[in-house]
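Take a look at the structure set out below.
The values are calculated or read from the model by the stated rules, or taken from the named source; none is laboratory data. Everything quoted here is computed from the prediction, not taken from an experiment. Glycine gets a Cβ as well: all are built from the backbone with ideal geometry, and neighbour counts include every protein chain shown. Heavy atoms of the whole protein, side chains included, go into the accessibility calculation; ligands, DNA and RNA do not. Shrake-Rupley method; radii C 1.70, N 1.55, O 1.52, S 1.80 Å.
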Amino acid sequence: MTHDHDSELVVFMIGMTINKWWRPDKWLPAFAAMPKMLAELSRDPESGLLGYRLIFDPRGPWLVQYWTSLDKLYDYAGRPDAEHRPAWSAFNRRTRDGNGAVGVWHETYPVSRAESIYVHTPPLGLAKATGIRPVTGRTNSARQRMASRPS
């Protein structure tokens, strides 16, 4: 099986690095802001968010998100009426003192082609975000399948 998505795709990873666990006054508000954003995006099918996965890492939580377009991702980040802008402003105010208790990071990847294979596993990652379909061209190698998919 493979994911069911052939149009524009953006993979966005965002997370926080908790540098001082003993300063929850600095990192807990940033952690608490993300569920509000995800709920807001999930309620709006036009937002462009296809799905996400939360990952807990020893340095701090992070998300892998799948978006329908770079424009929709940037539009959400810049919307003054959305949860992101006030959360970002509050984070900047709380961390302005430079104590480095918490950091944030993100990476954005516009994807022209994507391959996914799921064997004896429930849909995860991209397939969970977009749906799943059978792989076509089973006799082809992964390289051949990727080369034959439209950009």
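Going through segment 12-39 one residue at a time, which ones are outside any strand (DSSP E or B) and either among the hydroxyl-bearing types (Ser, Thr, Tyr) or surrounded by 14 or more Cβ atoms within 10 Å (Cβ to Cβ) (or both)? Break it down stepwise before answering.
If we filter segment 12-39 for residues that are outside any strand (DSSP E or B), which is where we start, we get 19-39.
Correct list: Asn19, Arg23, Lys26, Trp27, Pro29, Ala30, Phe31, Ala33, Met34, Lys36, Met37, Leu38.
Restricted to segment 121-132, and to residues that are assigned to a loop (DSSP other than H, G, I, E, B) and closer than 22 Å to Ser47 by Cβ, which residue is most open to solvent (accessible area, probe 1.4 Å)? Give the steps one after another, and end with the answer.
First pass over segment 121-132, keeping only residues assigned to a loop (DSSP other than H, G, I, E, B): 121-124, 131.
From what is left, the residues that are closer than 22 Å to Ser47 by Cβ are 123-124, 131.
On the way: Pro123: 55, Leu124: 72, Gly131: 27 Å².
Once the filter is applied, the top-ranked residue is Leu124.
Can you confirm whether Arg53 is surrounded by 13 or more Cβ atoms within 10 Å (Cβ to Cβ), out of contact with any His (no Cβ under 8 Å at 6 or more places or on another chain) and closer than 21 Å to Val111 by Cβ?
Yes; evaluated as a whole, the condition is true for this residue.
For every residue, the table says whether it meets (1) at pLDDT 90 or above; (2) surrounded by 13 or more Cβ atoms within 10 Å (Cβ to Cβ).
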{"site": "Tyr74", "(1), (2)": "yes, yes"}
{"site": "Pro86", "(1), (2)": "yes, yes"}
{"site": "Asp97", "(1), (2)": "no, no"}
{"site": "Val119", "(1), (2)": "yes, no"}
{"site": "Ser141", "(1), (2)": "no, no"}
{"site": "Ala147", "(1), (2)": "no, no"}
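From the list Ser7, Ser42, pick out the single residue that is closer than 18 Å to Gly131 by Cα, open to solvent by 40 Å² or more (accessible area, probe 1.4 Å) and within 15 Å of the chain's Cα centre (by Cα).
Numbers: Ser7 fails: within 15 Å of the chain's Cα centre (by Cα).
Only one candidate qualifies: Ser42.
Being open to solvent by less than 70 Å² (accessible area, probe 1.4 Å) and not β-branched (Val, Ile, Thr) is the filter here; which residues of segment 58-69 pass it?
Restricting attention to segment 58-69, the residues satisfying the condition of being open to solvent by less than 70 Å² (accessible area, probe 1.4 Å) are 60-69.
Gly60, Pro61, Trp62, Leu63, Gln65, Tyr66, Trp67, Ser69 - these are the residues of segment 58-69 that are open to solvent by less than 70 Å² (accessible area, probe 1.4 Å) and not β-branched (Val, Ile, Thr).
Taking the condition modelled with pLDDT under 95, in a loop (DSSP other than H, G, I, E, B) and either open to solvent by 50 Å² or more (accessible area, probe 1.4 Å) or farther than 22 Å from Val11 by Cβ (or both), does Val135 pass? Break it down stepwise before answering.
Values: modelled with pLDDT under 95: yes; in a loop (DSSP other than H, G, I, E, B): yes; either open to solvent by 50 Å² or more (accessible area, probe 1.4 Å) or farther than 22 Å from Val11 by Cβ (or both): no.
No; evaluated as a whole, the condition is false for this residue.
Has segment 48-64 got any residue that is in a strand (DSSP E or B), among the charged types (D, E, K, R) and touching a residue at least 60 places away in the same chain (Cβ under 8 Å)?
At the first step, the residues of segment 48-64 found to be in a strand (DSSP E or B) are 49-57, 60-64.
Cutting the leftovers down to among the charged types (D, E, K, R) gives us 53, 57.
Imposing the further condition that a residue be touching a residue at least 60 places away in the same chain (Cβ under 8 Å) reduces the set to 53.
The answer is yes, given that some residue of segment 48-64 is in a strand (DSSP E or B), among the charged types (D, E, K, R) and touching a residue at least 60 places away in the same chain (Cβ under 8 Å).
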